[in-house]
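Nothing in this text is a laboratory measurement; each read-out follows from the coordinates by a stated rule. Only a predicted model underlies this, so the values are computations on that prediction, with no experimental measurement involved.
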Amino acid sequence: MGSLVALEQIQKDSQLLGEGALAVGPFARLDAETVAAHDGKTRGAITNLFGSQAAFQAAAMALALDAHEWVERIELPAPQDFSDAEDWVDALLTGESARGPAHGAKPAAEHGLVWALWLSAVPYGIWSEEIAKPSVAEYVQTVHKLEQAILGALDHFELTVQPGASINDLACAIVSLTEGAWLNQCLSRRHPCDKAQPIATILRRGGRMLWRGAVMPRKPAK
């Protein structure tokens with residue numbers, strides 16, 4: 001019953017988001033004085049800029065939900081630096097694991113931890129387009145960036161996608177797998193089912209399976 005009431009409260013709060021800027025979850029508890037103190041200033045520095053703590057909280061939430069700049073900074077490995085396609089895939093996924101959240105990490109303004117903070121707002125996205133839109137836009141932006149990397153790898157290693165599949169299919173699958181693996185990274189630094197392996201093994205092995213099932217050698221031109 002407690003879970004049901006909590007969900008009903010989230011639904012109610014989510015519906016208010018369409019009427020204007022409203023901070024939810026941890027953003028609603030963001031204290032302007034504490035934030036200002038990080039820069040050696042007082043609460044007035046924030047209220048002078050935003051007008052109120054509530055406006056600042058909403059602005060901070062909007063910034064956390066919009067990861068456009070974080071995605072733009074992603075640097076994927078160049079296929080030309082590898083002699084084997086699967087070595088490139090392994091490097092790609094190792095890098096994606098490192099870019100994500102890490103269990104026990106110190107709070108920092110970096111993509112992996114901002115992504116974990118975004119998780120706190122995800123339930124509100126079920127009922128609010130204000131939350132859903134920037135999150136979906138980030139997903140599409142990430143997929144497009146990965147599509148370009150995959151296209152370059154296919155050309156370099158003389159591969160193509162299997163019949164009935166597309167580069168977009170593969171990119172979507174890898175991005176979805178990555179974010180699923182990041183959920184585990186929030187909770188453990190080791191593979192949940194094999195403590196001898198680091199958590200990155202989940203993403204590397206799963207991604208390699210996706211790659212093998214999605215690509216094949218390119219047929220020579222006649």
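Points worth noting:
- Taking amide H positions as modeled 1.01 Å from N, with prolines and chain starts lacking one, the residues under 5 Å from Thr160 and 5 or more places away or on another chain are Met216, Arg218.
- Beyond 30 Å in Cα-Cα separation lie the following of the pairs Lys106/Lys195; Lys41/Lys106; Lys12/Lys195; Lys106/Lys145: Lys12/Lys195.
- Relative contact order of region 1-65: 32 percent, from C-alpha pairs under 8 Å at least 6 residues apart in sequence.
- When only Cα pairs below 8 angstrom with a gap of at least 6 residues are kept, region 171-222 shows a relative contact order of 31 percent.
- Angle between the chain longest axis and helix 2-17 axis [Cα atoms, degrees, rounded to 10]: 80 degrees
- Linear extension gain, Val136 paired with Val114, 0.36 nm per residue minus alpha-carbon span: 6.3 nm
- Segment Cys193-Gln80, length gained on full extension (0.36 nm per residue, minus Cα span): 37.2 nm
- Under 5 Å, built H, 5+ apart or other chain: amide partners of His191: Gln197, Ile199
- Relative to one another, the C-alpha centroids of region 1-76 and region 176-216 are positioned 31 Å apart.
- Principal-axis analysis of the Cα atoms of the chain puts helix 167-187 at an angle of about 50° to the longest axis.
- Considering only alpha-carbon pairs that sit under 8 angstrom and 6 or more positions apart, the relative contact order computed for the chain is 22 percent.
- Cα long-axis angle, helix 129-156 against the chain (0 to 90 degrees, to the nearest 10): 20 degrees
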